[in-house]
1. So for the pair M32, E72, with labels modelled 7 Å out along Cα→Cβ, what separation do we get in nm?
2. Mind grabbing the base-10 log of I(q)/I(0) for segment 21-95 at q = 0.21, 0.23 Å⁻¹? Debye formula, identical points on the C-alpha positions, no solvent, two decimal places.
3. Compute log10 of I(q)/I(0) for segment 53-131 with the Debye formula, placing one identical point scatterer on every Cα and leaving out solvent, at q = 0.18, 0.21 Å⁻¹, to two decimals.
4. Counting each DSSP H run of 4 or more residues in the chain as -39500 (n - 2.57), what helix-only mean residue ellipticity at 222 nm follows after dividing by all residues, to the nearest 500 deg cm²/dmol?
5. Under a Cβ-Cβ cut-off of 9 Å, what is the net charge of the residues other than H112 that fall near it, where Lys and Arg count +1 and Asp and Glu count -1?
6. Going by average Cβ density within 10 Å per residue, which order do the peptides 14-22, 106-114 take, highest to lowest?
7. Per the Debye formula with a single identical scatterer at each Cα and no solvent contribution, what log10 I(q)/I(0) holds for segment 2-128 at q = 0.15, 0.20 Å⁻¹?
8. Skipping prolines and chain starts, which residues have an amide H placed within reach, meaning under 5 Å, of the one on G36, given they are 5 or more residues away or on another chain?
Amino acid sequence: MLLVDSTVWIDYFNGRITAQTDYLDQVLSDQMILVGDLILAEVLQGYRSEDEFEQACQALGRFTQVSLIDPELAVSSARNDRTLRRLGVTVRKTIDCLIATYCIENEHSLLHNDSDYDGFEQHLGLKVVHP
């Protein structure tokens with residue numbers, strides 16, 4: 001299964017063409033796409049217009065929505081962050097740590113456009129799609 005990060009959804013909905021948005025466009029109809037609750041919140045917070053907000057809700061509602069965090073994952077995420085810091089890798093956002101940990105623990109691939117995930121891929125086994 002493929003979890004798509006907010007960095008890709010935001011680019012996709014804004015019509016930005018990147019390797020990641022092209023890949024997403026290609027696999028939308030034939031791959032199981034997951035939308036995490038935290039990612040859903042990040043994407044939807046960017047809409048000012050009620051109409052655009054509702055359109056984005058409908059578009060993202062077509063995919064399997066999952067809850068990314070529970071107490072055990074929160075602890076695992078903190079452990080991963082501590083491990084990366086010991087290795088000299090700083091993750092700027094807690095939410096990225098939670099998303100990466102969710103993917104690692106559930107063996108899902110992540111499609112993203114955010115360097116905060118690089119340390120998770122290099123040191124902790126995060127599976128990343130590189131279009």
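1. Distance between the two pseudo-spin positions: 1.9 nm.
2. -1.02, -1.06
3. Taken in order of the listed q values, log10 I(q)/I(0) reads -0.75, -0.95.
4. Numbers: 7 runs with 73 residues, N = 131.
Counting only the DSSP helices, I get -16500 deg cm²/dmol.
5. Charge balance near H112 sits at -4.
6. Packing order, densest peptide first, comes out as 106-114, 14-22.
7. -0.69, -1.16
8. Answer set, sorted by chain and number: V4, V66.
Values in this text are rule-based calculations from the coordinates and carry no lab data. What you see is a predicted model, and the numbers here were worked out from it, not measured in a lab. Methodologically, a virtual Cβ is constructed for each residue, glycine included, from the backbone with ideal geometry; neighbour enumeration extends over all protein chains shown.
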